[in-house]
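Before any comments, here is the structure.
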Amino acid sequence: MGKKIVILNGSPRRSGNTSALIKAFTEGAESAGHSVTEFFLDRMNIHGCKGCFGGHSSRECPCVQKDDMDQIYPAVKDSEVIVLASPLYYWNLSGQLRTAVDRLFALEEGDGNLLRGHGRASALLMAAEGHGFDDVLLYYDHLMEHLKWENLGHVLAGGNGDVGDIKGKPELQQAYDLGKSIQ
């Protein structure tokens, strides 16, 4: 039986280079029998975390803020694999993705931890104009360690300044292969 995969797409472009990586990954994952749900964060109404510690993980919508994260929480709780996808912005994830990741903390608050562990795994997909991925990889590795998620790997596609630059590059096949490799 296939796994449930959630992709948090932090790109502001529906047809950009990050989205091309997501498309290739999704095709690979679906060819292996997995189901994929993508959230295009740039078109969602998601507010920054207030650090209020008022969340309750056992609620269907655990955060005290009511916005489009309420669509993401149930999908994440029900998933086995979470893919973080983003362009590289100032050597880190995009603000759209960072905001959503921060808000996932509500699943760790209150009545039980529904985020850490639980046999989850994650992968990272990123496109960038340059090739400076070291800082974001350090963050991602620490996040995986904290969440106790298996790190399935990453596809880092540098040298993509304009929309469509990724076309024909080996990173698209790598993204497909990563999606297909999920067991």
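The values are calculated or read from the model by the stated rules, or taken from the named source; none is laboratory data. The model shown is predicted, which means the values in this text are computed figures rather than measured ones. FYI the Cβ positions are ideal-geometry reconstructions off the backbone, even for glycines, and counts take in every protein chain you see. What goes into the accessible areas is simple: the full protein's heavy atoms, side chains included, and nothing from ligands, DNA or RNA. Shrake-Rupley method; radii C 1.70, N 1.55, O 1.52, S 1.80 Å.
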All positions within the range 148-164 that are more than 16 Å from GLN174 (Cα to Cα) and either surrounded by fewer than 19 Cβ atoms within 10 Å (Cβ to Cβ) or among the β-branched types (Val, Ile, Thr) (or both): LYS148, GLU150, GLY161, ASP162, VAL163, GLY164
Some residue of the range 172-182 being surrounded by fewer than 17 Cβ atoms within 10 Å (Cβ to Cβ) and assigned to a loop (DSSP other than H, G, I, E, B): no
Members of the range 38-69 found to be within 16 Å of the chain's Cα centre (by Cα), more than 30 Å from GLY159 (Cα to Cα) and acidic (Asp, Glu), listed by number: ASP68
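Conditions tested, residue by residue: (1) farther than 15 Å from ASN92 by Cβ; (2) of a type in the set (Val, Ile, Thr); (3) in contact with a Pro (Cβ under 9 Å, 6 or more places away or on another chain).
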residue: PHE105; (1), (2), (3): yes, no, no
residue: HIS118; (1), (2), (3): yes, no, no
residue: ALA127; (1), (2), (3): no, no, yes
residue: ASP134; (1), (2), (3): no, no, no
residue: LEU137; (1), (2), (3): no, no, no
residue: TYR140; (1), (2), (3): no, no, no
residue: LYS148; (1), (2), (3): yes, no, no
residue: LEU156; (1), (2), (3): no, no, no
Residue selected from the range 112-137 under the condition more than 26 Å from GLN173 (Cβ to Cβ) and hydrophobic (A, V, I, L, M, F, W, C), by the criterion least open to solvent (accessible area, probe 1.4 Å): LEU115
Residues of the range 1-34 that turn out to be polar (S, T, N, Q), open to solvent by 30 Å² or more (accessible area, probe 1.4 Å) and part of a loop (DSSP other than H, G, I, E, B), as a count: 1
Looking only at the range 68-89, and only at residues there that are within 21 Å of ARG13 (Cα to Cα) and without any contact (Cβ under 8 Å) to a residue 40 or more places away in the chain, the one that is surrounded by the most Cβ atoms within 10 Å (Cβ to Cβ): MET69
Of the criteria (1) under 27 Å from ASN17 (Cα atoms); (2) out of contact with any helix residue (DSSP H, G or I) (no Cβ under 9 Å at 6 or more places or on another chain); (3) in a helix (DSSP H, G or I), which one LEU97 fails: (2)
Within the range 35-55, considering residues that are part of a loop (DSSP other than H, G, I, E, B) and either aromatic (Phe, Trp, Tyr) or touching a helix residue (DSSP H, G or I) at 6+ places or on another chain (Cβ under 8 Å) (or both), the one least open to solvent (accessible area, probe 1.4 Å): GLY55
Residue match in the range 107-123 (condition: under 20 Å from HIS146 (Cβ atoms), of a type outside the set (Phe, Trp, Tyr), part of a helix (DSSP H, G or I) and touching a residue at least 12 places away in the same chain (Cβ under 8 Å)): yes
